[in-house]
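Remarks on the structure that follows.
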Amino acid sequence: MTVAALTEQFPHPEVRFRQQDALVMVDIENAHGSATITTFGATLLSYRPKGGADVLWVSDTALYDGKKPVRGGVPVCWPWFGPYDPAALGPDPSDEYKKGHGIARYAFWDVESVESVGEATHVVFVLTPGDDIRKAWPLEFSLRLHVTLGETLEMTLEGENRSKREWRVSEAFHTYFGVGEAEGLVVRGLDGTMRIDKLADGERGTQSGEVAMTTPMEQVFVGHPGTLVIEDRGNAREIVIERENSASSVLWNPGPEGVQSFADMPDDQYRKTVCVEVANALDDAYPLAAGATHAMSMRLSVR
Ligand code: TA6
């Protein structure tokens, strides 16, 4: 839908629609702060609690072309996280469509509703398969993303299996947090958790104590639905990540060499962001029966 059509269909004092390059942006502003979501991938690109700095990072060289996901914010990875797994999701799409992290972040979503809930503002985005998506993945589904800007920023990803067969879903809120310094940054809440080191051939071990980020890092922590806290000392703040129906955490930073393979990320910016992803991945991928719905939530706040 165009900016004009959205503005007409969803008149609301706290919500504004605008165009940025090929993308439609949805700006929310209320007593609690502000947030911006693009309908391309239903990607949250900014969250500023009132009087505070942005919690999210977006690359200075990100593309807004509607072809490649915007580098930064909260890309939605669904119904597969990482590489495509035919065993989990059935019919094997052609290579062209076998992209990492699923189909949701490459699609244009619709705005389904805009409403106030008390002092909070609630916007729902919906994705159902069109011809393009069916080429990528021919199974029927509906996917909703609920975004609520209130005392916290809450996101809920609701996936419905409208096909006739069971799938095995993996998913993530692939959040790029804005931080003062990535190297050595502490993430609390993973002590005692099973850790899978993707940079060491998937070596498994048990996390002992808090995690100190290294650059690079790519680790998946499984079987652990608890709250995480990012100690962003460079910005004198803590970012709290609460969740429901998510048992995996993915911690990622490309580091000084890895960043060079990303055309949409300046070489020095790997120090300004860490991905701490609320997910269901690897061991935590789950079966979704025909007709069933699963909802994963994340709540962000700053202290
Ligand atoms: O979540 C970490 C990861 O899976 C890394 O392997 C890295 O590729 C990153 O996601 C970014 O992936 P993208 O497909 O957005 O370039």
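Here are some notes:
- Among (1) surrounded by fewer than 19 Cβ atoms within 10 Å (Cβ to Cβ); (2) in a strand (DSSP E or B) - the single one residue 24 does not satisfy: (1)
- In the set (1) closer than 24 Å to residue 219 by Cα; (2) outside any strand (DSSP E or B); (3) out of contact with any Lys or Arg (no Cβ under 6 Å at 6 or more places or on another chain), the condition left unmet by residue 168 is number (2).
- Filter result for residue 293 (buried (at least 22 other Cβ atoms within 10 Å of the Cβ) and polar (S, T, N, Q)): no
- Search result, residues across region 277-301 that are farther than 27 Å from residue 197 by Cβ and more than 18 Å from the chain's Cα centre (by Cα): 288, 289, 290, 291, 292, 293
- Filter result for residue 171 (buried (at least 19 other Cβ atoms within 10 Å of the Cβ), of a type in the set (Asp, Glu) and over 23 Å from residue 270 (Cα atoms)): yes
- Among residues of region 62-79, those that are open to solvent by 40 Å² or more (accessible area, probe 1.4 Å) and under 17 Å from residue 253 (Cα atoms), counted: 0
- Leading residue by the ranking (nearest to residue 275 (Cα to Cα)) among those in region 194-241 that are assigned to a loop (DSSP other than H, G, I, E, B), open to solvent by 60 Å² or more (accessible area, probe 1.4 Å) and touching a Leu at 6+ places or on another chain (Cβ under 8 Å): 216
- So residue 191, is it surrounded by fewer than 21 Cβ atoms within 10 Å (Cβ to Cβ) and either part of a helix (DSSP H, G or I) or touching a residue at least 24 places away in the same chain (Cβ under 8 Å) (or both): no
- Pair list, Cβ under 9 Å, 6 or more apart: region 7-18 residue open to solvent by 70 Å² or more (accessible area, probe 1.4 Å), other residue assigned to a strand (DSSP E or B) and among the aliphatic types (A, V, I, L, M): 9/111; 9/114; 11/114; 16/25; 16/26; 16/28
The values are calculated or read from the model by the stated rules, or taken from the named source; none is laboratory data. Note that the coordinates shown come from a computational prediction; the quantities given were computed from them, not determined experimentally. With ideal geometry, Cβ positions are generated from the backbone for all residues, glycine too; neighbour counts draw on all protein chains shown. Ligands, DNA and RNA are stripped out before the accessible areas are found, and what is left, the full protein with its side chains, is counted by its heavy atoms. Shrake-Rupley method; radii C 1.70, N 1.55, O 1.52, S 1.80 Å.
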